[in-house]
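This report refers to the structure that appears directly beneath it.
Readers should treat all values here as calculations from the given coordinates under stated rules, not as data from a laboratory. On a predicted model such as this, the values are computed, not experimentally measured, just so you know. A quick note on method: Cβ atoms are made from the backbone with ideal geometry, for glycine too, and the neighbour counts reach across all protein chains shown.
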Amino acid sequence: MNIIVHIWHWLLTVTGTAIPDGGSNWYNFWSGFGSDFGEVAILGSLVALYKHHNCSVKGCPRIGRHAVAGTPYLTCHRHATLAVHKQLHDDHKRKFPDQHELLNQDEPA
Ligand SMILES: [Zn+2]
């Protein structure tokens, strides 16, 4: 039981929620550990932005700029070939048949 009390005290100290006598409520938390929430949100949004614009070929780290016709996929300059685009088009047709049909309504079945 003693170890749990020590761990709890350590957690309160690290997060800044152990308020000393005369200290203001939550000041240590928001000026210390709590101020990192904004930085985590910024890093998360940068990762999401990169993943949204990343090349659709698995494992490729480049930014995709070439749209694959009939799909929401993008490829980088290196993967902007007919063979790769055809492969991605077929993959999209197999993985998302309803969306593929919606995006390719003018294509003969
Ligand atoms: Zn690529």
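Evaluate the distance, in nm, between pseudo-label points positioned 7 Å from the Cα of V40 and of H9 along their respective Cα→Cβ axes.
Simple spin-label model gives 2.6 nm for this pair.
List the residues whose amide H sits under 5 Å from the amide H of N54, counting only those 5 or more places along or on another chain, with H placed 1.01 Å from N in the peptide plane.
Here G64 satisfy the definition.
Taking Cα pairs under 8 Å and at least six residues apart, what relative contact order does the chain come out at, in percent?
The value is 13 percent.
Per DSSP H run of n ≥ 4, the term is -39500 (n - 2.57); total these for the chain, divide by its residue number, and report the mean residue ellipticity at 222 nm rounded to 500 deg cm²/dmol.
-16500 deg cm²/dmol
Using the eigenvalues of the Cα gyration tensor, what equivalent ellipsoid semi-axes result for region 54-109 when each is taken as the square root of five times the eigenvalue, whole Å, largest first?
21, 10, 9
Quick check on the chain: what does the Kirkwood estimate of hydrodynamic radius come out to from the alpha carbon pairs, in Å?
Kirkwood radius, the chain: 18.4 Å.
Using unit Cβ charges (K, R positive; D, E negative) and no other charged atoms, how large, in debye to the nearest 20, is the dipole of the chain about its Cα centre?
540
What is the spread of the Cα atoms of region 1-48 along each of their three principal axes, largest first, in whole Å?
Sorted from largest, the Cα extents of region 1-48 read 42, 28, 9 Å.
Using Cα pairs closer than 8 Å and at least 6 residues apart in sequence, work out the relative contact order for region 54-109, in percent.
Relative CO of region 54-109 lands at 26 percent.
What list of ³J(HN,Hα) couplings, whole Hz, do you get for region 63-78 from phi and the Karplus terms 6.51, -1.76, 1.60, once you set θ to phi - 60° and write x for glycine and proline?
Working through the residues one at a time gives 7, x, 10, 9, 6, 8, 4, x, 9, x, 6, 10, 10, 7, 5, 6 Hz.
Select from the chain the helices, each a whole stretch of DSSP H, whose alpha-carbon atoms run 24 Å or more along the helix axis and whose Kyte-Doolittle mean is at least -1.0; answer none if there are none.
36-53
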